[in-house]
Amino acid sequence: MADMEKAYTLIVFFLLLRLSFILCSFPEASCFWRINHNEHLESNMRKDCGFILFTIPVHLVEDYFRVLLDFPLPVNTYPYVLVMLFAIEEINKNPNLLPNSTLGFTFLGDQCDITSTNLNNLNMLSKSGEIIPNYICEYSDCDVALTGPTWTVSARVATLLQLFKIPQVMLNVTYGPFHDSLSDHDLFPHLYQIAPKDTSLVLAMVSLMIHFIWKWVGLVILDDDQGVQFLSDMKEEMKINEICLAFVNMIPANMQLYIERAETYYFQIMTSSAKVVIIYGNVNSTLEVSFRRWEMLGIWRLWITTSQWDVISRSRDFTIDSFHGTLSLSHHYREISTFKHFIQKTNFSAYPEAVSLVRLGWIYFNCSVSVSECKTLNHCLSNTILELLPWHSFDMAMNDERYNIYNAVYAVAHAFHNMHLQEVDIKVWESWEGLIPRCMQVNHFLKNVRFINPIGDPVNINQGRNLDAMYDILNVLHFPQGYVLKVKVGQLSPYFAHDQQLFLSEDMIEWATGSRQFSTSVCSMPCYPGFKKSHQEGKADCCFDCSRCPANEISNTTDSEECVKCPEDWYANTEQTHCLPKAVTFLAYEDPLGMALVCLALCFSVLTALVLGVFLKHRETPIVKANNRTLSYILLTALIFCFLCSLLFVGNPNTTTCILQQTTFGILFTVSVSTVLAKTLTVVLAFRITVPGRRMRGLMVSRISKYIIPICTVVQIILYGIWLWTSPPFVDIDTHSEHGCITITCSKGSVTAFYCVLGYLGSLALVSFTVAFLARNLPDTFNEAKFLTFSMLVFCSVWITFLPVYHSSKGKVMVAVEVFSILASSMGLLGCIFIPKCYIILLRPDRNSIQKFRDKTHS
């Protein structure tokens, strides 16, 4: 039968909801309803609610609460009232708490609303002009005021209680968020805050920023002492974690001052590139006015705030409002499962129709009814249950403020309970001026009350003994028509290790964009590994440019301030994110370049040996005998060794090879060039000496050719001796020439000595070139002055070109350039001097005879 009645009630309820749509659509309906888009809707106003708790040694009359709630209350105060009813009912049913007394409450102010009530009228303990029933005053001689959630109203009430010294109500417990101003016991000696102090709030917010890489955030706070302190703590924590404030909007508490600056605040938040904005401060203030204005103007940001801001937006249209996706931080507490059962199953027919389903159902549809026209509407459903209530309109989810009310009621109950258990000498309290003895005792037990509430959470009203608060991270989702869903997506506990304090389920978060992903909020894109930050002058540290690390320097972390130079025997990879060990390299025989040079050297030396063989075979021919064949043999032999000495430059060098490279190269080339000089002088002297007698001419030619080679060679050997004595060549490790390689080369030791050797060779070559050039037109069929001229021209050209190319080369390429110069200059001598003669000897033997020369002369 009960199930049938419940089913019938459900049917009636949904029919009424359907009817409400129709009534709201027709303004001419007999019971006139209208859509109201006024921002000052009763359901949108944030109300402060005050209660007075008392104990009496008798049970409350059966209809006490019905009489108490006989007048309509502001809609937003119903959640507070229902939590109060639940807590008191739970305490009064508990045989172990206040077993011989009954805990009751009445309203402080006008039907619980202490926001708009003029508390100065001293009518706080009245209800619509009627004093609290006498049976309550008779038994209860010390009551406790419970005020909140706004701290300013709590401060006002506490001040008035002290100022007017109301004997029966001298103690005050506030259930709003903790505020430092209320903890001043000189100003508020009998005021206590049940809410835990937000010691870890800044840590929780910054942890979120670190997790999501939000380096560029905005901050909107109320310009009061608590806001300034929060700003200071936030800046300090942000600085440690390299997070910057894009802007700080300090909203003045004075409304006139705010109106004057409103456009400036709007411009700051609109022009800022920060996508994440923190809101901190009290609701029912200019801060809330500012946010509602931004919401109306369509400012979309990701808001990070505290739980008291969860329900400030109640959009009634069919669009998602700008508060959608907010991350809210709420103090951690266990779920009170019995409260939901209380709301769903309690039959509120015993309470006035103001709490009825019909009134709250119509409020959901945003309609306002004319009481004069629809007086009987409240009696449509007199026996309803709140499990049918539209939850998105009448938010009964437990939050910080309601949980604080729950704990505050229990704290007062425990204080009364402890006082009843212990006998206290009243004379001890007589020195407390202004407090009656009963309130002195209650105050003593209230300020020291510590207990575990029914759901297992510790409660300590003494803030000096409170531990750091744990926080739940809620994702607040605002849907069209006022639907609000709060999803717990994470938790922060300051008791764990630093890197384990934040637990977050990212896949459960829905951002303001409606997606599961949210882009980072940064002033500048991060500098990835391989780059370093270059700060922009005059801007915050989070605004910077990214520049590539210099050569052989790395950065292996994001947003590196400086790059790190790799060790000498290491090198930076292409991305410049890691140092890698350098490979040891030299001009090896296995290298293509080394192999090519070795092949050329061997081929040229074999070719030179063949030319020497040809000359030896045809040594009696005129072309071989001309210009002193002995000098030709010496020159060809020296060229063979010149080609072969280039092999000393290939392979892994050591000290011996380094010394032999330079000495053999210098001495052999000195012999070669001095031989060319001797051949040149032989040609010149053979035609220019005018002394009579062939004997004298042959003697002069023979002596010059005999002494010029050893003299020139001895001078070169002396230079090498000085070089080896002062600064000999040595094995050098070149770590800079080739990227990623350590090149082993032979250092010249004394660069000056090296260039002296080259200069000496150059001077011999220049003298030979000059003499040969002057003798190029001497009349003789076998005159090789022209060939000597071209050979010296090639020789000088090679080594003049060698100097800039050698200095512009690095590593083993430098060695290859030197080897190539040796081969090229040697091949220049061989080709220019001997190849034409071989051509005549092998291919034109008819031209290699004295008889042919004489026939040509006669003709």
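I'd like the full set of residues that are open to solvent by less than 50 Å² (accessible area, probe 1.4 Å) and assigned to a helix (DSSP H, G or I), limited to region 748-762. If the condition is that a residue be open to solvent by less than 50 Å² (accessible area, probe 1.4 Å) and assigned to a helix (DSSP H, G or I), then 753, 754, 757, 758, 759, 760, 761, 762 are the ones that fit. Identify, by number, the condition in (1) part of a helix (DSSP H, G or I); (2) closer than 30 Å to residue 740 by Cα; (3) hydrophobic (A, V, I, L, M, F, W, C) that residue 602 doesn't meet. The single condition residue 602 does not satisfy is (2). Do we find that residue 455 is open to solvent by less than 30 Å² (accessible area, probe 1.4 Å) and modelled with pLDDT of 80 or more in this structure? Criteria not met by residue 455.
The rows are residues; the columns are (1) without any contact (Cβ under 8 Å) to a residue 12 or more places away in the chain; (2) surrounded by 19 or more Cβ atoms within 10 Å (Cβ to Cβ).
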residue: 608; (1), (2): no, yes
residue: 617; (1), (2): yes, no
residue: 620; (1), (2): yes, no
residue: 633; (1), (2): no, no
residue: 643; (1), (2): no, yes
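What residue, among those in region 189-231 that are farther than 27 Å from residue 497 by Cβ and of a type in the set (Asp, Glu), is surrounded by the most Cβ atoms within 10 Å (Cβ to Cβ)? Restricting to residues being farther than 27 Å from residue 497 by Cβ and of a type in the set (Asp, Glu), the top hit is 224.
Restricting the first member to region 260-271 and to residues that are under 15 Å from residue 298 (Cα atoms), and the second to residues that are of a type in the set (A, V, I, L, M, F, W, C) and modelled with pLDDT of 85 or more, the beta-carbon pairs closer than 6 Å and six or more apart or on different chains are 268/247. Residues that are at negative phi, outside any helix (DSSP H, G or I), surrounded by 17 or more Cβ atoms within 10 Å (Cβ to Cβ) and not aromatic (Phe, Trp, Tyr) within region 792-851 comprise just one, 848.
In region 568-602, the qualifying residues are those that are loosely packed, with under 12 Cβ neighbours inside 10 Å and not β-branched (Val, Ile, Thr), and the one that is nearest to residue 643 (Cα to Cα) is 599. When each of 171, 182 is tested for being outside any helix (DSSP H, G or I) and either of a type outside the set (Asp, Glu) or crowded, with 18+ Cβ neighbours inside 10 Å (or both), the lone residue that passes is 171.
The values are calculated or read from the model by the stated rules, or taken from the named source; none is laboratory data. This structure is a prediction, so every number in the text was calculated from the model and none was measured. Note that we place each Cβ from the backbone using ideal geometry, even for glycine, and neighbour counts take in every protein chain shown. Ligands, DNA and RNA are excluded from the accessible area calculation, which covers all protein heavy atoms including side chains. Shrake-Rupley method; radii C 1.70, N 1.55, O 1.52, S 1.80 Å.
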